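Read the structure below first, then the notes.
No lab work stands behind these numbers, since they all come straight from the coordinates. Here the structure is a predicted model, which is why all the values come from computation and not from measurement. With ideal geometry, Cβ positions are generated from the backbone for all residues, glycine too; neighbour counts draw on all protein chains shown.
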Amino acid sequence: MKPHSIVSVACSILIGGGVICASGCGALGSNTAQDRSSNLQRAKVFMAAADYRRAIEACQQEITERPSAKSYVYLTYVYQALDAYLDSLARTDRWVLVEQLALSLSPGRPEELLDSPDLLARIAKELIQESTRKQSDVAAAMATRLDAQAVSRLWIQQTLWREKQPDGWWLGVPIEWGW
């Protein structure tokens, strides 16, 4: 096990917005509905593929381009979906997938192809979940500061979505959100 690899995965999750978004926040000036749906549609596809790093990046891009309570709730939801996905993998004893998820969360660099980090899946799960929960709490607090009523309405929608999809809600978003 390479401790620096686990720490780098955790740090990349904690740093989140600044480092990840800096590489992919192209056209910040456009403000059309099509751009918005593009960010969120990408996030939805990434979630369906369990590519949570890119789903988070797409939501962070949405926040950068159009900050709002909704955009912060969407980011919070993706963090919570990642947390639930990890729990589902652990419950079903699919630790190889946990390790693959941990690797997918780290920013890809060519040297990783030659020096792939050896992560202990259970440690990776704990580190990812701890970081994810902290980031989720931060994004949720920001959303609530902006518009508590909108946040409440969106969380009611996502709660109903979770109840309808108990074994896989983390791979999609509530239909009412229109992603």
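Quick notes on this structure:
- Least to most buried among Thr132, Thr92, Thr144 (fewest other Cβ within 10 Å first): Thr92, Thr144, Thr132
- Ranked list, fewest to most other Cβ atoms within 10 Å of each Cβ, for Ser88, Ser71: Ser88, Ser71
- As a proxy for reagent exposure, ranking Leu160, Leu75, Leu86 by other Cβ atoms within 10 Å from fewest up yields Leu160, Leu86, Leu75.
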